[in-house]
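See structure below.
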Amino acid sequence: MKHEFENKKPEAFATTWEGQYEVFNWAEYLVGIPMPIFLITTYKENGLPNACLHSWSSFSGEEGGHFCIMGGVPIEYGHTIKDITKNKEFCINFPSKEIWEKCYSTIENNKYEVDEIVESGLTAEEAVSINAPRIKECFLNLECTLEWIKPLYEGSKCCIVCGRIKHIAMDDEYFDENKKGRFGESGFVMNIHSPKNPLTGESLDDKLGFVEYK
């Protein structure tokens, strides 16, 4: 049986932390759409690397180019949007679950005066086509230039960032599906963001997801 939901939070959706439904719309917990997890890397104004764990994005292109469309990027705080706006370049780095804990630690290791990549136990390497650091341990790196930035909606605290992918670096063990491959638990890490049952309010914990190829 299919249920219909108007633009109103289900009564069963209790708040589990302060400001939850201000930071994330309730519909995100209802639909439970998984999205890939990656690190956005830039250079801060002081020249040190910035690393921002992110999801809520898609990738699309046609003959004229391939693009990353990142949603949910805060407008008024954090180094990332300031760096992207100023430098107009950034890199997207896809980790495997083997380095997940180090990637997650970038959330805490985000002080302006530190190298956020090194502080998290990862290795920065030079990009080929842009002035932004890449993360060596990530199996896929997408070097991007800024195409445009737009608010999610008028008055939103978040924006959508579109980047044109200029250069791709990928570990051969991952584009060869007979080795590690892109899929399964060795490949792309997906964000499973606490999906909830709208009738009971029951919630699953945040988990890492993986794409099974059959």
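Quick one: is Val118 out of contact with any strand residue (DSSP E or B) (no Cβ under 8 Å at 6 or more places or on another chain), open to solvent by less than 90 Å² (accessible area, probe 1.4 Å) and hydrophobic (A, V, I, L, M, F, W, C)?
No; evaluated as a whole, the condition is false for this residue.
From Asn191, Asn197, which residue is in contact (Cβ under 8 Å) with a residue 40 or more places away in the chain, open to solvent by 40 Å² or more (accessible area, probe 1.4 Å) and farther than 19 Å from Arg134 by Cα?
Asn197
Quick check on region 174-188: of everything there that is open to solvent by 30 Å² or more (accessible area, probe 1.4 Å) and touching a residue at least 60 places away in the same chain (Cβ under 8 Å), which residue is farthest from Cys103 (Cα to Cα)?
Among those that are open to solvent by 30 Å² or more (accessible area, probe 1.4 Å) and touching a residue at least 60 places away in the same chain (Cβ under 8 Å), it is Lys180.
Are any residues in region 45-64 outside any strand (DSSP E or B) and either touching a His at 6+ places or on another chain (Cβ under 7 Å) or not aliphatic (A, V, I, L, M) (or both), and if so, which ones?
Glu45, Asn46, Gly47, Ser55, Trp56, Glu63, Gly64 - these are the residues of region 45-64 that are outside any strand (DSSP E or B) and either touching a His at 6+ places or on another chain (Cβ under 7 Å) or not aliphatic (A, V, I, L, M) (or both).
Got at least one residue in region 10-29 being surrounded by 17 or more Cβ atoms within 10 Å (Cβ to Cβ) and closer than 30 Å to Glu126 by Cβ?
Checked against the condition, which is being surrounded by 17 or more Cβ atoms within 10 Å (Cβ to Cβ) and closer than 30 Å to Glu126 by Cβ, region 10-29 yields no hits at all.
Looking at (1) surrounded by fewer than 18 Cβ atoms within 10 Å (Cβ to Cβ); (2) not aromatic (Phe, Trp, Tyr); (3) not in a strand (DSSP E or B), which is the only condition His167 fails?
(3)
Within the set of pairs 6+ apart or on separate chains, which have a first residue in region 5-21 that is hydrophobic (A, V, I, L, M, F, W, C), a second that is assigned to a loop (DSSP other than H, G, I, E, B) and open to solvent by 80 Å² or more (accessible area, probe 1.4 Å), and C-beta atoms under 9 Å apart?
Cβ pairs passing all conditions: Ala12/Leu199; Ala12/Thr200; Ala12/Glu202.
Residue check: is Glu137 within 17 Å of Ile37 (Cα to Cα), outside any strand (DSSP E or B), in contact with an Asp or Glu (Cβ under 9 Å, 6 or more places away or on another chain) and in contact (Cβ under 8 Å) with a residue 40 or more places away in the chain?
Answer is yes for this residue.
Just one of the numbered conditions (1) touching a strand residue (DSSP E or B) at 6+ places or on another chain (Cβ under 8 Å); (2) open to solvent by 90 Å² or more (accessible area, probe 1.4 Å); (3) touching a residue at least 60 places away in the same chain (Cβ under 8 Å) is not true of Glu113; which one?
Going through the list (1) touching a strand residue (DSSP E or B) at 6+ places or on another chain (Cβ under 8 Å); (2) open to solvent by 90 Å² or more (accessible area, probe 1.4 Å); (3) touching a residue at least 60 places away in the same chain (Cβ under 8 Å), Glu113 breaks only (1).
Are any residues in region 62-84 open to solvent by 70 Å² or more (accessible area, probe 1.4 Å) and either in contact (Cβ under 8 Å) with a residue 60 or more places away in the chain or not hydroxyl-bearing (Ser, Thr, Tyr) (or both), and if so, which ones?
Glu62, Glu63, His66, Glu76, Lys82
The values are calculated or read from the model by the stated rules, or taken from the named source; none is laboratory data. Every value quoted in this text rests on a predicted model; they were computed, and no experiment measured them. Here the Cβ is made from the backbone with ideal geometry for all residues, glycine too, and neighbour counts use every protein chain on show. The accessibility values were calculated without ligands, DNA or RNA, using every heavy atom of the protein model including side chains. Shrake-Rupley method; radii C 1.70, N 1.55, O 1.52, S 1.80 Å.
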